[in-house]
1. Over the alpha-carbon set of the stretch 94-146, divide Rg by the Kirkwood Rh and report the Rg/Rh ratio to two decimals.
2. Compute the whole-percent fraction of alpha carbon pairs in the stretch 22-89 spaced more than 18 Å apart.
3. Per-residue HN-Hα couplings for the stretch 77-93, Karplus 6.51 cos²θ - 1.76 cosθ + 1.60 at θ = phi - 60°, whole Hz, x for Gly and Pro?
4. Please arrange LEU139, LEU103, LEU129 by accessible surface area, largest first, computed with a 1.4 Å probe and ligands excluded.
5. About the Cα centre of the stretch 1-50, what is the dipole size in debye to 20, counting +1 per Lys and Arg Cβ and -1 per Asp and Glu Cβ, all else neutral?
6. How many percent of the accessible area of the stretch 1-104 is carbon or sulfur, using a 1.4 Å probe?
7. Give the Kirkwood hydrodynamic radius (Å, one decimal) of the stretch 34-146, defined as one over the mean of 1/r across all pairs of different Cα atoms.
Amino acid sequence: MQDEQDPEPLLTNQQNKLALVFGESDSIDGKALGILGANVAVAIFINQTAHDLVTWEYFALYVPFLLSLVLNVFSIWPRQYLTAGVSGDRLTDYINMDRGELLLSLLANTQEAIEYNSRLNRGRMRACLASIGITGLGLVTLLCIL
């Protein structure tokens with residue numbers, strides 16, 4: 001008699017990976033909020049210290065921080081993440097499945113959620129990293145002008 005492979009350990013592994021992807025999302029939020037706070041602090045500093053500047057200097061000072069702010073808002077904006085759970089309208093289908101089929105179906109749902117959520121996180125992380133770079137450029141501009 002041939003032993004069947006049990007997909008449950010693989011499902012558990014993939015569910016743990018999905019939890020890591022959700023944790024990565026929280027980490028991106030933290031980074032973006034930190035950069036947002038730095039941008040606000042620098043804008044307050046500019047408002048308090050930059051007097052009697054030419055118009056292009058004000059423009060050069062504020063534009064990088066405004067661009068960074070837009071990227072921060074994009075990074076922080078709430079998104080609809082997928083979960084490995086079963087939707088209510090398909091619950092009866094899942095209840096009627098045998099164990100092996102159920103585990104494979106849940107494994108497919110989990111893998112789909114991992115791929116989709118990872119794609120969302122990549123876009124958010126790119127925006128966050130671009131925001132960090134633009135903030136750095138703004139700081140260099142600030143040091144050159146003031």
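1. Computed over Cα atoms, the ratio is 1.52.
2. Working: 1219 of 2278 pairs.
Pairs farther apart than 18 Å: 54 percent.
3. In residue order, the calculated couplings are 3, x, 10, 8, 8, 8, 10, 8, x, 9, 6, x, 6, 10, 4, 5, 4 Hz.
4. Values: LEU139 70, LEU103 20, LEU129 100 Å².
Sorted by accessible area, descending: LEU129, LEU139, LEU103.
5. On the way: 2 positive and 7 negative charges, 124 e Å.
I would put it at about 600 debye.
6. Working: 4550 of 7320 Å².
So the carbon and sulfur contribution to the accessible surface is 62 percent.
7. On the way: mean 1/r = 0.0575 Å⁻¹.
Final number for the Kirkwood radius of the stretch 34-146 is 17.4 Å.
The values are calculated or read from the model by the stated rules, or taken from the named source; none is laboratory data. These numbers come from a predicted model, not from an experiment. Positions of Cβ are generated from backbone atoms using ideal geometry, with glycine treated the same way; all protein chains shown enter the neighbour counts. Note: accessible area is taken over every heavy atom of the protein model, side chains too, but ligands, DNA and RNA are not part of it. Shrake-Rupley method; radii C 1.70, N 1.55, O 1.52, S 1.80 Å.
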